[in-house]
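Quick notes on the structure that follows.
The values are calculated or read from the model by the stated rules, or taken from the named source; none is laboratory data. Computed from a prediction, not measured in an experiment: that's the story for all the values here. As a convention, Cβ positions derive from the backbone with ideal geometry for all residues, glycine included, and neighbour counts pool all protein chains shown.
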């Protein structure tokens, strides 16, 4: 399908039109102008193969999975479980039952906060997060800490938006029972040294949860190499459907933790007096799962594998460098987050212009960006700003689109001056 | 001018522009021209909830009429605020409470505003009508 492995098509000369033609939405117009989509960190667009896989499922083998005796149910179950193995391979998990299907990153984190909390957290314990976390990696821990009488502590960042690793070691005292940290900041684009964090934490027997929502689509992840205890992400940020996500957890933790939701599928036996629970992964998958979305995620993983994450990473790094150069040529533009290691999000402010105004004027020029606090209010408070404009990239974006963004910001800045 | 005459005037002004960037340019200019609210009224009590940007609204009651002043930290919002102020300010509480505000739809602005902006504008209109209703009931007592 894609010929980028061919010697004539290197990352500097990709068959970009072919890739773009796989995404129907990229051919649409807004306000009569071709859509320029730079809101990929919020959600990525979906290729034809994902749409077709979901359509085929509903047209040809829609059926409830696992307990069915009939042909369709078996076919749906096979397709469903095959995706678990695809995810297992994608993140190199040791066992397929370490891959739990959830509604998304947020539910995955809530599950761990709730179940890990019930099992292990006592009054006086500490949970460590970082200053650049998304609300979904703050609030579940706050709720759990409140419930268990524990304390939430925060790894600070420097003014470039990088974790203060020099302070990290001293924060690892005996009270710390879990560290939850993002791999890539959704607001700043910072890539955190998660391998180092995990190895230092493990030296003190502290497990680590990695929020990979903004990493899974950009960076190759090997959970065994990282030695992550938990790793969570969403399908819709990796070209798959919404409403579907992954919790990876080491077998040991998942076996020891109590179930999250009760219901069908997660039980072994039920009597009115007492129920016993199913084995992994079903113990954490109560109720009918999102079969179509799981099938869609499978197609998205095939799609990414076919293009190759190495190619995607290289292409996106080119786009980021090109965009940074263009953005910094704009008078009065100030980057929020200047980490050395960054992935596909760039946050900025232009002069005294309100980010909301800049975003709205870009929208009227057909350019989709995000404005506001990006669900990282504490981070905005650290930078003492109400919000930013964020442009976030995917490998299907082009230099020409970046030029439009830069020109669009200049136009907005002139109007708002 | 009556409330409806001002609305008609705004709709006519917007017909001069061909594309939305020009309309926005005009809105931004209106924002820049909006007489500033007295700093003492930029309090949390006068903040309108429901917008990504902040809007302060203050009402003065003089000789049977309500006068509004307002401000925002975002220029487009300020322009929208300016239009609403222009339409409703300087009328009696009854006129304001009874007013049918249709210019936002007439100029096609509602469908072009982002939902948060549109909600903010609605909250602002609602707040102005609340002031009007409050002063109306006061004057009836």
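The table for this structure:
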quantity: Matching option when the condition is surrounded by fewer than 18 Cβ atoms within 10 Å (Cβ to Cβ), farther than 25 Å from residue A:380 by Cβ and more than 14 Å from chain A (Cβ to nearest Cβ), among B:18, B:100; calculated: B:100
quantity: The lone exception for residue A:352 - which of (1) within 14 Å of another protein chain (Cβ to nearest Cβ); (2) surrounded by fewer than 19 Cβ atoms within 10 Å (Cβ to Cβ); (3) on the phi > 0 side of the Ramachandran plot it fails; calculated: (3)
quantity: Of all residues making up the range A:365-384, the number that are touching a residue at least 60 places away in the same chain (Cβ under 8 Å), crowded, with 22+ Cβ neighbours inside 10 Å and within 14 Å of another protein chain (Cβ to nearest Cβ); calculated: 4
quantity: Check on residue A:339, buried (at least 20 other Cβ atoms within 10 Å of the Cβ) and either assigned to a loop (DSSP other than H, G, I, E, B) or without any contact (Cβ under 8 Å) to a residue 24 or more places away in the chain (or both); calculated: yes
quantity: Subset tally (residues that are more than 12 Å from the chain's Cα centre (by Cα), surrounded by fewer than 21 Cβ atoms within 10 Å (Cβ to Cβ) and in a strand (DSSP E or B)) for the range B:55-97; calculated: 4
quantity: Test: residue in the range A:172-191 that is under 23 Å from the mean Cα position of the chain (by Cα), over 22 Å from residue A:90 (Cα atoms) and free of Cβ contacts under 8 Å to residues at least 40 places away in the same chain; calculated: no
quantity: Residue match in the range A:388-404 (condition: part of a helix (DSSP H, G or I), within 12 Å of chain B (Cβ to nearest Cβ) and within 30 Å of residue A:307 (Cβ to Cβ)); calculated: no
quantity: Some residue of the range A:320-331 being touching a strand residue (DSSP E or B) at 6+ places or on another chain (Cβ under 9 Å), closer than 21 Å to residue A:212 by Cβ, away from chain B (no Cβ under 14 Å) and modelled with pLDDT of 95 or more; calculated: yes
quantity: In the range B:23-54, the residues that are without any contact (Cβ under 8 Å) to a residue 12 or more places away in the chain, more than 10 Å from chain A (Cβ to nearest Cβ) and not in a strand (DSSP E or B); calculated: B:39, B:40, B:44, B:45
quantity: Residue match in the range B:62-78 (condition: on the phi > 0 side of the Ramachandran plot, within 14 Å of another protein chain (Cβ to nearest Cβ) and touching a helix residue (DSSP H, G or I) at 6+ places or on another chain (Cβ under 7 Å)); calculated: no
quantity: Condition check for residue B:59: within 14 Å of chain A (Cβ to nearest Cβ) and either at pLDDT 90 or above or at negative phi (or both); calculated: no
quantity: Criterion: within 20 Å of residue A:159 (Cα to Cα), surrounded by 19 or more Cβ atoms within 10 Å (Cβ to Cβ) and in contact (Cβ under 8 Å) with a residue 40 or more places away in the chain - qualifying residue of A:292, A:300, A:344; calculated: A:344
